[in-house]
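Notes follow the structure.
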């Protein structure tokens, strides 16, 4: 038996062999322990944060990979209907991502006015249309790439090449945690798989590794959190107590080592997550009417799975997760539009598959956040990597990629609902009014979190890097 702690002399009722064999008990999931205490997290965040009073405490990012079509979902173009089947003015022989384009093609779905604002929204999204009075649309977004992988990471990191921190990682670095028992940044991937370019969408880049997202989903809970059946609760508690005393003694012997204290905090979080993560991911705790609201038991298995992720998202936000990225669809497949919103050939069939998966669960999530009062301090953002052409792709009934015009929207804390910022041309081909970039988009996100995007920096390879690079202006038209 160990007679006592080598530093404190406290008695230990734990056999040496048991300790050596089971010392990792309670530390499972350390790779997932990406939280540090808030004072350690914000220390290098570009001055005292937040820089000014924040409207939002947390962010929900909803991402539809595949280049969701603005002219078929959010951006009504009456002239596209009027001139359906005729050439795009000035678009003679225009070649885009997959080749030559045909004539203008109206949306297969009608648009109808919604809400008090009368915002025209596709009838393909009847449930989402109920929220337009709380949304601020940005109809003039642009991207610097027309390729899915670079486009997705550009919309998440502001850079079209890998190696840069995601927005969630920057916010983790700058603002730290809102809770002591769960990650600061979580990415919920679709049951259909990862988005284009996968983990680069929620990576830490050159920021410390603890700022990358923890990846989970309703169908993919955190691993290795349960205590092994061969270890009793008393043994686990004794092991944790021993490690806590050892860590405390070592930290006291090295008072200037902040990294050591940070690592200790991460280990402690891993232990706390063993209790908190199973509770927050247990959807059976929700009443039947909530499951019905989201559609978690829908006959469409893909819709039901996404609905469970939406419900899990609300539970994570409610428990204080700072940044949640929720994905609806995955990477491209050999069949265009099968796994994501990339409708090159069969737009109507593809979107009539994807829209029902997205519509009810997402609308339910927004309604649930609102009725629980969470929208008062939660910022919701919706993204896709780019838009689609107003023409059909030659020889098909689908649309090619369009990085020159697409829609995003804001909702929640600090957002002026029922407004539209910027505009595309008469056919939705190009952004022409108050043209916006991803730098502007995230400058606005950070502003709502109380952060000056030019002051949230990290020194790397001789430069003070930032999320918005050397660009970005706050989109003041969406602010309340």
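Observations
- Any chance residue 342 is surrounded by 23 or more Cβ atoms within 10 Å (Cβ to Cβ) and more than 20 Å from residue 217 (Cα to Cα): yes
- Within the range 155-169, residues that are modelled with pLDDT under 95 reach no partner that is surrounded by 24 or more Cβ atoms within 10 Å (Cβ to Cβ) and part of a helix (DSSP H, G or I) with beta carbons closer than 6 Å at six or more positions or on different chains.
- In summary, residue 224 fulfils each of the numbered conditions (1) touching a helix residue (DSSP H, G or I) at 6+ places or on another chain (Cβ under 6 Å); (2) part of a loop (DSSP other than H, G, I, E, B); (3) modelled with pLDDT under 95 with the single exception of condition (1).
- The number of residues in the range 137-154 being outside any helix (DSSP H, G or I) and surrounded by fewer than 23 Cβ atoms within 10 Å (Cβ to Cβ) comes to 5.
- Hits in the range 155-183 (condition: under 12 Å from the mean Cα position of the chain (by Cα) and part of a loop (DSSP other than H, G, I, E, B)): 166
- Which numbered condition residue 195 fails, given (1) more than 22 Å from residue 459 (Cβ to Cβ); (2) at pLDDT below 95; (3) crowded, with 20+ Cβ neighbours inside 10 Å: (2)
- Flag if residue 405 is under 23 Å from the mean Cα position of the chain (by Cα), over 14 Å from residue 119 (Cβ atoms) and crowded, with 24+ Cβ neighbours inside 10 Å: yes
Yes or no, residue by residue, for (1) at pLDDT below 80; (2) closer than 15 Å to residue 390 by Cβ; (3) surrounded by fewer than 16 Cβ atoms within 10 Å (Cβ to Cβ); (4) in contact with a strand residue (DSSP E or B) (Cβ under 9 Å, 6 or more places away or on another chain):
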site: 4; (1), (2), (3), (4): yes, no, yes, no
site: 24; (1), (2), (3), (4): yes, no, yes, no
site: 32; (1), (2), (3), (4): yes, no, no, yes
site: 61; (1), (2), (3), (4): no, no, no, yes
site: 65; (1), (2), (3), (4): no, no, no, yes
site: 98; (1), (2), (3), (4): no, no, no, yes
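- Number of the condition not met by residue 271 [criteria: (1) closer than 23 Å to residue 313 by Cα; (2) modelled with pLDDT of 75 or more]: (2)
- Within the range 408-419, the set of residues being farther than 24 Å from residue 164 by Cα and buried (at least 23 other Cβ atoms within 10 Å of the Cβ) comprises 411, 412, 415.
The values are calculated or read from the model by the stated rules, or taken from the named source; none is laboratory data. These figures come from a predicted structure and were not determined experimentally. Ideal geometry is used to build each Cβ from the backbone, glycine not excepted, and the neighbour counts take in all protein chains shown.
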